[in-house]
There are 2 protein chains.
Amino acid sequence: MNFPALKNDRILRAARGEEVDRIPVWVMRQAGRYLPEFRELRSRYDFFTICRTPELACEVTLQPIQRYDLDASIIFSDILVIVQALGMIVEMQPSVGPVIPDPLKEPLDLDRLNQSIDVKKELGYVFEAITLTRHRLNGQVPLIGFSGAPWTLMCYMIEGGGSKTMSKAKKWLYKYPEESKKLLQILTDIIVKYLIEQVNAGAQMLQVFESNAEYLNSELFDRFSGPYLSSICSRVKNELKDNSVPMIVFAKGGHYAIKQLSTFDYDIIGLDWTIDPVEARKIVGNNITLQGNLDPCSLYGPPEQIKEMVKNMVSKFTKHRYIANLGHGIYPDVDPEHLRAMIDAVHEC
Amino acid sequence: MNFPALKNDRILRAARGEEVDRIPVWVMRQAGRYLPEFRELRSRYDFFTICRTPELACEVTLQPIQRYDLDASIIFSDILVIVQALGMIVEMQPSVGPVIPDPLKEPLDLDRLNQSIDVKKELGYVFEAITLTRHRLNGQVPLIGFSGAPWTLMCYMIEGGGSKTMSKAKKWLYKYPEESKKLLQILTDIIVKYLIEQVNAGAQMLQVFESNAEYLNSELFDRFSGPYLSSICSRVKNELKDNSVPMIVFAKGGHYAIKQLSTFDYDIIGLDWTIDPVEARKIVGNNITLQGNLDPCSLYGPPEQIKEMVKNMVSKFTKHRYIANLGHGIYPDVDPEHLRAMIDAVHEC
């Protein structure tokens, strides 16, 4: 496809370990409810209607790019679109979040899944949104594609919604380890195809979200998360070959897994706010880029305080092989001007 | 008070770093919904009625002691009784958990709190339950008292219930740091009195639960959790002098704070299941007892697998200065016989 030339490649340079004139910055969930222009559009359309309508997904993806001096865009979508593609109903309930009314209860329920879906067809709306957005971005900043990781998707499919313990999904790991691996493998195979098609459609970077790493530990990670995360990255890169793009892995709450993550093929490791940047750099060595990790709640503080915290964070990460970001998605009640203070502070470092 | 002589002091010996014939074991939330005898009693009484009725609190405290070969009992109560004593309404809603219908919204709301309560009077029912239970235990095992830590109680008081992010309570830390410290200090002063009176009433060990450490990080912990945890332990021990009892601190999700915790006066650090025992021992040194940290979900697996996991855990902690436990409270849908497998496995090590 013939896309406009890229004018800002800071984030790609940081991903490759090259020098940058200033630290690249983007923000997880940067298109979303904290923006009045998003809430306005959302008042007219259902959440998944926006995801499924390329024009709308493109529009909200561009909203933060038009407002802020960001160094990357991320396609507006949801990690649960894969779960929908597998045949499960996912509803987005106001002030509750995603709900799956009929979750997987027993391993036999795996038979309910459409395991051999045509990813290009079932998730075509995401690829269309990516292509459209890449054009509309007109080279201003790179476009990031993403997917939820297998364990994180498995949690939603079994819990049917949020949980403080993920005990139903974790029960599978201990009670039905082989069936759990079967489900994780089904998800992995789809995620690989999904990410490859995102790049084919125009994504210039990819992030894999293992948002529920916090419920595992080192042993469970090594059995039920790490191998799939690793395989996703290797397979996507192997199949894309010269068209490969930098890949980010973000395992929220996975403080115990930083070393393991650094042995996979990912170019970038995203860190949540509980991780000390200096410690993380010691653990992973110098051949990987780190991303993160300002506490999203720090944006509730006054702008001057936010700037101090950003300076402190950058001084710990240093400017080399670093992408500034929050340590978790931005929360809906953040003042958009406070996000601006963060972005400006990064660029002033 | 004249209590029956203690027949099993394993847990106290482990707390002091003395040799034990076998590893002591107890389980967080060991009196509770996973037991049919608890559910039966709970079907007749409201949750807080059980907490407030010494005879009932004693009965459920003893239920697991009668069923299993445990090395400690822990008084049945709730961390939110302090919040109630401060004048806030707390409801226990089925399948939701605790709900505070009228949480603190602004720092001005601190004026709503009864800050100068008579702890002996307002929480007298807990002390009565402890004294009664200590007698009924008849020296079989020691009785543990407990309190929620200030930051954890502050979360409930502001969030009004569970939260995946604790963003409302964290907003206070960034937006109203001085008022947050005022609230944390109010809570600390009450917790100190509360724990001292628990010991005066017969508690032979104390645990302080910082269940919401996972929402902080090292910087926030050092400002809003650590100083209060430290002060609680020092003040309780200083005031009790020769009547002091061993004190446990458990900061769930506080992987970043293990070193700091080891510099306080606590005798025992409880670890959640994400912490590697070998790493934790390296961090804290040899002069502190560790407690934990089997993944509570591992009890969903078959008994033989539970026994293997316990063996593996014990081999990492070693038998010296170690108290076996789960890494979080036991979940309500665990098969009681699976807990038995865990307890037996510890004692076989």
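Bear in mind that the values in this text are calculations on the coordinates, not laboratory data. Note that the structure is a prediction, hence the values are computed from the model and not measured. Here the Cβ positions follow ideal geometry from the backbone for every residue, glycine too, while neighbour counts run over all protein chains shown.
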ask   = Which of (1) within 14 Å of chain B (Cβ to nearest Cβ); (2) assigned to a loop (DSSP other than H, G, I, E, B); (3) more than 14 Å from the chain's Cα centre (by Cα) does A:Gly329 not meet, given it meets every other one?
value = (3)
request  = Please enumerate the residues belonging to the range A:14-28 that are surrounded by fewer than 16 Cβ atoms within 10 Å (Cβ to Cβ) and either in contact with a Cys (Cβ under 9 Å, 6 or more places away or on another chain) or part of a helix (DSSP H, G or I) (or both).
outcome  = A:Arg16, A:Arg22
message = Every residue in the range A:38-83 that is among the polar types (S, T, N, Q) and either over 20 Å from A:Arg134 (Cα atoms) or surrounded by fewer than 23 Cβ atoms within 10 Å (Cβ to Cβ) (or both), please.
response = A:Ser43, A:Thr49, A:Thr53, A:Gln63, A:Gln66
Qualifying residues in the range B:262-273 (those that are among the hydrophobic types (A, V, I, L, M, F, W, C) and in a loop (DSSP other than H, G, I, E, B)) - the one farthest from the chain's Cα centre (by Cα) = B:Phe264
Residue list for the range B:239-273, restricted to those being away from chain A (no Cβ under 14 Å), farther than 20 Å from B:Gln204 by Cα and touching a strand residue (DSSP E or B) at 6+ places or on another chain (Cβ under 7 Å) = B:Leu261, B:Ser262
remark   = Of (1) out of contact with any Lys or Arg (no Cβ under 9 Å at 6 or more places or on another chain); (2) within 20 Å of B:Asp189 (Cβ to Cβ); (3) assigned to a helix (DSSP H, G or I), B:Asp242 fails just (2)
ask   = Within the range A:96-108, which residues are more than 21 Å from the chain's Cα centre (by Cα) and either crowded, with 21+ Cβ neighbours inside 10 Å or assigned to a loop (DSSP other than H, G, I, E, B) (or both)?
value = A:Pro101, A:Asp102, A:Pro103, A:Leu104, A:Lys105, A:Glu106
message = Only one of A:Gly124, A:Gly97, A:Gly161 is of a type in the set (Gly, Ala, Ser) and closer than 30 Å to A:Asn8 by Cβ. Can you tell me which?
response = A:Gly124
query = Do we find a residue being away from every other protein chain (no Cβ under 13 Å) and of a type in the set (S, T, N, Q) anywhere in the range A:213-223?
reply = no
query = Quick one: in the range A:251-299, which of the residues that are touching a residue at least 60 places away in the same chain (Cβ under 8 Å) and more than 16 Å from B:Glu214 (Cα to Cα) is surrounded by the fewest Cβ atoms within 10 Å (Cβ to Cβ)?
reply = A:Asn287
ask   = If only one of A:Lys193, A:Lys171 is in contact with a helix residue (DSSP H, G or I) (Cβ under 6 Å, 6 or more places away or on another chain), within 14 Å of chain B (Cβ to nearest Cβ) and surrounded by fewer than 24 Cβ atoms within 10 Å (Cβ to Cβ), which one is it?
value = A:Lys171
ask   = Does B:Leu229 qualify as being closer than 23 Å to B:Gly329 by Cβ, buried (at least 24 other Cβ atoms within 10 Å of the Cβ), out of contact with any helix residue (DSSP H, G or I) (no Cβ under 6 Å at 6 or more places or on another chain) and without any contact (Cβ under 8 Å) to a residue 40 or more places away in the chain?
value = no
request  = For the range B:100-118, indicate whether the set of residues that are in contact with a Ser or Thr (Cβ under 7 Å, 6 or more places away or on another chain) and without any contact (Cβ under 8 Å) to a residue 60 or more places away in the chain is non-empty.
outcome  = no
note = Looking across the range A:274-310 at residues that are more than 9 Å from chain B (Cβ to nearest Cβ) and in a loop (DSSP other than H, G, I, E, B), the single one that is farthest from A:Ile23 (Cα to Cα) is A:Gly285
